[in-house]
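For reference, the structure discussed in these notes is given below.
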Amino acid sequence: MSAEQWIVGVDIGGTNLVVGLVPAAGGEPRGLRIRATAAERGPEAVVTDIVRMARESVRETGEEMGGAPLDVVGLGAGCPGPIDRAAGVVIESPNLQWREFPLRDRIEALVDWPVTVDNDANCATYGEWWQGAGRGVSSLVGVTIGTGIGGGYILDGRLVHGASDGAGEVGHTTVNVSGRRCACGNDGCLEAYASGPAIANRAREGLAAGGDSLLTRLVDGELSRITAATVYEAVVSGDPYATEVLTEAAKFLGAGIANLVNILNPEAVVIMGGVTRAGEHLFVPLKAEVRRRAFRALVEACRILPARLPETAGVVGAAGILAAHLSGDPSTT
């Protein structure tokens, strides 16, 4: 593919929808558009938003580059939950409350480009491997932490999808067999302890029971306004309770990642999502937990890294997967 060709990348998150235009040969996304996913409006409304935002992105980028028509060769989309890639169908997305939705066909009916659909965490992992923190390694685990927790795995330079396109559901591995109820209906999933909403819920619970924290002042006493970002802000300000909440989440993450290190023996684990804003407050206890639980030789062979594309890995990866598909690159098959 020539450097003049472009791909629309779409990242459908539980909270935000992000659309941008990515050079087919790799590079920084242009014309980024971000809006609330508003999943309660239903999947058809989200498709309408995707198409509108994609056209806006193409138009803006074309104007910035002199006004000549851009050679857009396709659209790649990432969506939470198990995906039937061959059919382009979202089988189930608990955080969006979608079931058996033909995402690819709905988008293709409104645009003139070929469309691919993959799991959003697979896309983010591929993005970090293709253009980000994992560039140059042959085996990598990506862990995305946001509204939910997802994951992806690159083995010998190929994105692993599994027998039914469901590989990489890191957030729904069990870390406490009699633990908290998860949105998927299971008990004790990693997502129920270390996702953004789980961190916020844990903080609110302690404060509602009478705990004292800067968090209360940051939200003017309205505990319902606490988010994971509020917790990170309080941690950076040195608040002991917020630090306790984040450290607890980091230990659960460390336990989950230690399992992945022991099973998969990757060269790198890349942590993605807003939680990385907590910096060493997250990574120090997380890495300590991995060292405590995983085999030493496997830990020593693995780097645990923050994402280099914290806001755009999903967009870049979705575009990269479509680029690989069009060029016959086997890295996504």
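The values are calculated or read from the model by the stated rules, or taken from the named source; none is laboratory data. Quick caveat: nothing in here was measured; it's all calculated off a predicted structure. We place every Cβ from the backbone using ideal geometry, glycine too, and count neighbours over all the protein chains shown.
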Residues of the stretch 12-25 that turn out to be buried (at least 24 other Cβ atoms within 10 Å of the Cβ), closer than 10 Å to residue 319 by Cβ and not hydrophobic (A, V, I, L, M, F, W, C), as a count: 1
Candidates 73, 51 - the one that is in the same structural domain as residue 119 (by TED's automatic domain parsing) and assigned to a strand (DSSP E or B): 73
All strands (runs of 3 or more DSSP E) inside the stretch 81-143 with 1 or more residues being more than 17 Å from residue 323 (Cβ to Cβ) and free of Cβ contacts under 8 Å to residues at least 40 places away in the same chain: 89-93, 98-101
Segments classed as helices (runs of 4 or more DSSP H), wholly inside the stretch 246-333, with at least 2 members that are crowded, with 20+ Cβ neighbours inside 10 Å: 280-293, 313-327
Hits in the stretch 169-210 (condition: of a type in the set (S, T, N, Q), without any contact (Cβ under 8 Å) to a residue 12 or more places away in the chain and either under 24 Å from residue 118 (Cα atoms) or in a loop (DSSP other than H, G, I, E, B) (or both)): 178
